[in-house]
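Report on the structure given below.
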Amino acid sequence: MRAYVLKHYGGPEGSLLSDVPAPAPRPRDILVEVRAAGLNPVDFKFRQGKLRAILRPRLPFVLGNELAGEVIAVGSDVTRFRVGDRVFARVAKDRAGAFAEQACVDQDDAAHMPRNLDFTAAAAVPLAGLTALQALREELQVKPGQKVFISGGAGGVGTFAIQIAKWLGAHVTTTASKRGEALVRSLGCDEVIDYTLQDISSVEGRFDAGFDLIGGKTLEQMFEIMKPGTRIVSVAALPEPQTAIRDLGGRRALSALFWLISYRIRSRARRAGIGYRYLFMHPSGSELALLAELIEQEKLKVIVDRTYPFAKIAEALDYVESGRAKGKVVVTNP
């Protein structure tokens, strides 16, 4: 089969489309004919080698973290799916493999696709949708009537985060450029800050929860607009010790490293009286099923910025890396 394979870390030249053996399902796996795969910043960061402290698989390694397709075989212990089912999934971090004609997925990491989506739109959901759901519902525990600040609302995670926060009953403020304002308002955002014209720290009022999708200066300014005793969850800044303990299997050595590299951010948060948490989302078929239900009920829209044929996956990744995408970028197999 054809797959997009990481040969060595670095620039785009380290990855290429190659012929590789098709995967064989384990007892709890479903084998999926991949019809579409979503692209995310984690894909080019992994390609660059920026995640080697966390994940260091043996190379060559088939990249790709989310997919939609049709089940073509099932392992001996699979009970939730059968051949012919249309599924979508965020594959396990240590397996990846979505950028291929076929991929194996543990049955617990997959769900039946929303009936009202095609493969392209379904492939755009798992990673970004689960990230937003887990950050807002589990980590921030957003409640009706709370004021939530989401940075970067027009991006892949942001478009889901706005809608999920509204579903949870929150009043939502986000940042966007003029180009992205119409999009975030169409998703239900209550207030929009044009980050090209206005400093976030000048925003009136204080927020009950913060979801950081930008990092850097944006995160620094978010500490100034939160109510004391509240929390910010980030997926864009630096991981802290709980990231290693809760999200990465309790790796103590990694926790110590994260303690060091996140010291400045945690000190800044402590001075502001704000909790800080970096989240590595986890695959979850049950939570994907919830997202599918929300999509079928038309409470959650999927925003796809661009699609590319699988043969142009390198070009698609370049576009994701440019940071210009509004919503998700997807590659499709014929």
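The values are calculated or read from the model by the stated rules, or taken from the named source; none is laboratory data. These numbers were taken from a predicted model, which means no experiment stands behind them. Using ideal geometry, Cβ is built from the backbone for each residue, glycine included, and neighbour counts are taken over all protein chains shown. Each accessible area value is taken on the protein alone, full model and side chains, heavy atoms only, with ligands, DNA and RNA left out. Shrake-Rupley method; radii C 1.70, N 1.55, O 1.52, S 1.80 Å.
Taking the charge dipole of the chain about its Cα centre, with +1 at Lys and Arg Cβ atoms and -1 at Asp and Glu Cβ atoms, the residue from Ser267, Pro57, Leu219 reaching farthest to the positive side is Ser267. Beta-bridge orientation, region 69-190: approximately 55 percent antiparallel, per DSSP, counting only bridges with both partners inside. Normalising by residue count, region 206-307 has a Cα convex hull of 152 Å³ per residue. Reported to the nearest whole Å, the Cα centre-to-centre distance from region 74-112 to region 47-66 is 19.
When the dipole is taken about the Cα centre of the chain, and only Lys, Arg (+1) and Asp, Glu (-1) are charged at their Cβ, what size is it in debye, to the nearest 20? If you can, show how the numbers build up before the last one.
On the way: 45 positive and 37 negative charges, 188 e Å.
For this selection, approximately 900 debye.
For the chain, the equivalent ellipsoid built from the Cα gyration tensor has semi-axes of 32, 22, 19 Å, listed from largest to smallest. The long axis of helix 313-322 is offset from the longest Cα principal axis of the chain by roughly 0 degrees. Principal axis extents of the Cα atoms in region 196-242, from largest to smallest and rounded to whole angstrom, are 32, 26, 11.
A viscosity of 0.890 mPa s and a temperature of 25 °C, combined with the Kirkwood radius over Cα pairs in Stokes-Einstein, give a translational diffusion coefficient for region 9-58 of 182 µm²/s. Quick check: from the Cα gyration tensor, does region 127-187 come out rounded (a/c under 1.5), prolate or oblate? Oblate shape, in that a/c is at least 1.5 and b/c is the bigger or equal ratio. The Stokes-Einstein estimate for region 1-144, based on a Kirkwood radius over Cα pairs and taken at 25 °C with 0.890 mPa s viscosity, is a diffusion coefficient of 156 µm²/s. Relative to the longest principal axis of the Cα atoms of the chain, the long axis of helix 263-272 lies at roughly 40 degrees. Distance distribution note for region 127-276: the fraction of Cα pairs above 26 angstrom is 21%.
Placing a pseudo-label 7 Å from each Cα along the Cα-to-Cβ vector at Ile72 and Asn116 gives an inter-label distance of 3.1 nm. Rolling a 1.4 Å probe over the protein heavy atoms of region 1-133, with every protein chain left in place, gives an accessible area that is 49 percent carbon and sulfur.
When both bridge partners sit in the chain, DSSP labels roughly 55% of those beta bridges antiparallel.
For the pair Ser202 and Glu13, the difference between a 0.36 nm per residue extended length and the Cα-Cα distance amounts to 63.7 nm. When the square roots of the Cα gyration tensor eigenvalues are ordered a ≥ b ≥ c, the ratio a/c for region 159-229 is 1.5 or more and a/b does not exceed b/c, which makes its shape oblate. Between Glu138 and Lys178, the distance separating the two model label sites (each 7 Å from Cα on the Cα→Cβ line) works out to 4.1 nm.
When region 54-154 is described by a simple charge dipole with +1 on each Lys and Arg Cβ and -1 on each Asp and Glu Cβ, the residue from Gln102, Ala132, Pro144 located farthest towards its positive end is Pro144. Charge tally for Leu168 (other residues, Cβ to Cβ under 9 Å; Lys, Arg +1; Asp, Glu -1): +3. Between the helical axis of 252-261 and the longest alpha-carbon principal axis of the chain there is an angle of about 50 degrees. Between the residues Gln297, Gly210, Gly180, the greatest Cα displacement towards the positive end of the dipole of the chain, with unit charges on the Cβ of Lys, Arg, Asp and Glu, is found for Gly210.
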